[in-house]
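Engineer: Pasting a structure here, questions to come.
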Amino acid sequence: AFVWDDLNEMEAGAPSDQVQIVAEVDWPEGGPAGTAESVRYHIRADADPQALASEVVATLGEKNQGDPQTLADFLTWAIASYPATRYALVLGDFGGGWQGCCLDTAVGQPDTSDHLSLPDLDQALAAAQGQTGRVRLEVIAFAASLMSQIDILQAIQPYAAYAVASPGLVPGSGWDFQPVLAQLNADPLIDGRQFSGDLVSAFVNTQRQL
């Protein structure tokens with residue numbers, strides 16, 4: 001349900017031709033999307049907080065989000081399909097510090113789960129970097145708990161200029177993406193340093209309001 005809210009907040013931020021957003025979500029059984037498959041979205045501007053108006057670009061079946069190849073495939077597809085001057089990657093789900101993040105409890109095998117370990121993150125980002133020819137992403141951000149440990153930052157350092165992560169627990173509500181994206185739309189030429197600061201400010205403001 002938190003991811004559903006996040007996507008609606010992104011729609012309310014009114015992405016434009018200068019700020020494009022794509023997402024891959026692995027929905028659970030009984031979730032708000034009415035599917036239990038992995039779905040790729042191109043986020044469209046929409047003010048209705050209860051319904052998604054974004055374009056379903058691809059329905060992928062059950063994809064293991066703990067498999068580094070899944071992340072590499074998403075990044076490679078996104079960069080090829082939506083070329084931009086700068087790219088930010090947001091990874092959202094449960095975080096476990098040095099153990100990694102993005103737990104997938106339904107990977108197509110009964111009673112089996114997976115997640116992105118630090119070697120998995122390194123492998124995925126290196127593969128995407130090699131396939132796209134990009135030197136570095138501008139920002140890698142974790143909408144997840146406990147992900148600002150030094151070993152995590154060392155693992156992603158070759159692949160991004162800036163990182164945003166929390167040393168402590170992060171509530172499911174996380175960021176309010178609407179003001180973040182509205183601000184980015186107002187000045188789409190900002191660099192990763194400014195965008196990272198805006199993410200931090202938005203998180204603090206949202207949690208204070210709650």
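Values in this text are rule-based calculations from the coordinates and carry no lab data. Being a predicted model, the structure only gives us computed values, none of them experimental. Using ideal geometry, Cβ is built from the backbone for each residue, glycine included, and neighbour counts are taken over all protein chains shown.
Engineer: Would you work out which of GLN20, ALA72, GLY197 lies farthest towards the positive end of the dipole of the chain? Charges go on Cβ: Lys and Arg +1, Asp and Glu -1.
Structural biologist: GLY197
Engineer: May I ask for the Rg/Rh ratio of the chain, computed from Cα atoms with Rh as the Kirkwood radius, given to two decimals?
Structural biologist: Numbers: Rg = 16.1 Å, Rh = 17.4 Å.
Result: Rg/Rh = 0.92.
Engineer: What is the Cα convex hull volume of segment 1-48 when expressed per residue in Å³? Mind showing how you got there, number by number?
Structural biologist: On the way: hull volume 3.1 nm³, N = 48.
Once divided by residue count, the hull of segment 1-48 is 64 Å³.
Engineer: Stokes-Einstein diffusion coefficient for segment 90-153 at 4 °C in a medium of 1.567 mPa s, Rh from the Kirkwood formula over Cα pairs: what value in µm²/s? If you can, show how the numbers build up before the last one.
Structural biologist: On the way: Rh = 12.8 Å.
Approximately 101 µm²/s, per Stokes-Einstein.
Engineer: Treating segment 31-97 as a set of equal point scatterers at the Cα positions, no solvent, please give the Debye-formula log₁₀ I(q)/I(0) at q = 0.14, 0.22 Å⁻¹.
Structural biologist: -0.55, -1.27
Engineer: If each DSSP helix of 4+ residues adds -39,500 (n - 2.57) and the sum is divided by the residues in the chain, what number results at 222 nm, nearest 500 deg cm²/dmol? Walk me through the numbers on the way to the answer.
Structural biologist: Numbers: 6 runs with 75 residues, N = 210.
-11000 deg cm²/dmol, from helical runs alone.
Engineer: Looking at the chain as a GNM with Cα springs under 10 Å, which of LEU60, LEU146, LEU89 has the largest mean-square fluctuation?
Structural biologist: Judging by the Gaussian network model, the answer is LEU60.
Engineer: What span do the alpha-carbon atoms of segment 120-180 cover on each of the three principal axes, reported in whole Å from largest to smallest?
Structural biologist: In descending order, the Cα extents are 34, 28, 17 Å.
Engineer: About the Cα centre, and with charges only on the beta carbon of Lys, Arg (+1) and Asp, Glu (-1), how big is the dipole of segment 1-40? Nearest 20 debye, please.
Structural biologist: Computed about the Cα centre, the dipole is about 60 debye.
Engineer: A further question follows. Once the cut-off is 26 Å, how many percent of the Cα-Cα pairs in segment 24-141 end up in the long-distance tail?
Structural biologist: Percentage above 26 Å: 22.
Engineer: What size of dipole, in debye to the nearest 20, comes out for segment 83-139 about its Cα centre when the only charges are +1 on Lys and Arg C-beta atoms and -1 on Asp and Glu C-beta atoms? Could the numbers behind the result be given before it?
Structural biologist: Working: 3 positive and 7 negative charges, 85 e Å.
Once rounded to the nearest 20, the dipole reads 400 debye.
Engineer: Taking the Cα centre of the chain as origin, sum charge times position over the Cβ atoms of Lys and Arg (+1) and Asp and Glu (-1), and report the length of that vector in debye to the nearest 20. Spell out each step's value before the answer.
Structural biologist: Numbers: 8 positive and 27 negative charges, 134 e Å.
It comes to approximately 640 debye.
Engineer: Give me the extension gain from LEU189 to GLN50: residue separation times 0.36 nm, minus the current Cα-Cα distance, reported in nm with one decimal.
Structural biologist: Between LEU189 and GLN50, full extension yields 47.0 nm more.
Engineer: How high is the FRET efficiency between VAL200 and THR112 when r is their beta carbon distance and R₀ equals 30 Å, given to the nearest 0.05?
Structural biologist: The calculated FRET efficiency here is 0.25.
Engineer: For segment 79-104 and segment 1-60, write down the distance between their C-alpha centroids in whole Å.
Structural biologist: 15
Engineer: If you don't mind, there's one more thing I want to ask. Out of all DSSP beta bridges with both ends in the chain, state the antiparallel percent to the nearest 5.
Structural biologist: The antiparallel proportion sits near 55 percent.
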